[in-house]
Amino acid sequence: MAEKTQRLDIVTPERKVFSDDVRFVVVPGAAGELGFLPDHAPLCSALKDGTVRVQQDGKEFKFTVSGGFVEVKNSRVVILADSAEQV
């Protein structure tokens, strides 16, 4: 059985940094780390500077983000960051 996925978009004012289907996302929320699996309840939160961790096809990717917001809705995670780079 195929794993359920969710769409992740990481966007800055300058460009789209990442856009693909992923299994799990962890973001640095304003009040602590937040983790999202597919079908997570809708949520909107401010982000603090830190690392976004992404699991996709058994691999982990990391992105450094600076400020912004995260919105989760309908198995889609959208990160609107002031800046973001893959590390």
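Some values worked out for this structure:
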read-out: Exclusive hit being small (Gly, Ala, Ser), crowded, with 16+ Cβ neighbours inside 10 Å and under 25 Å from Glu3 (Cβ atoms), set Gly29, Gly35, Gly58, Gly68; value: Gly29
read-out: Qualifying residues in the range 1-21 (those that are touching a Ser or Thr at 6+ places or on another chain (Cβ under 6 Å) and surrounded by 17 or more Cβ atoms within 10 Å (Cβ to Cβ)) - the one nearest to Ala81 (Cα to Cα); value: Thr12
read-out: Criterion (modelled with pLDDT under 95 and acidic (Asp, Glu)) met by exactly one of Asp57, Asp20, Asp82; value: Asp57
read-out: Residue list for the range 22-46, filter: under 11 Å from the mean Cα position of the chain (by Cα), in contact (Cβ under 8 Å) with a residue 12 or more places away in the chain and under 20 Å from Asn74 (Cα atoms); value: Val22, Arg23, Phe24, Val25, Val26, Val27, Gly29, Leu34, Phe36, Leu37
read-out: Counted residues, the range 73-87 - those being over 23 Å from Glu14 (Cβ atoms) and surrounded by 15 or more Cβ atoms within 10 Å (Cβ to Cβ); value: 1
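The values are calculated or read from the model by the stated rules, or taken from the named source; none is laboratory data. Computed from a prediction, not measured in an experiment: that's the story for all the values here. Backbone-built Cβ (ideal geometry, glycine too); neighbour counts: all protein chains shown.
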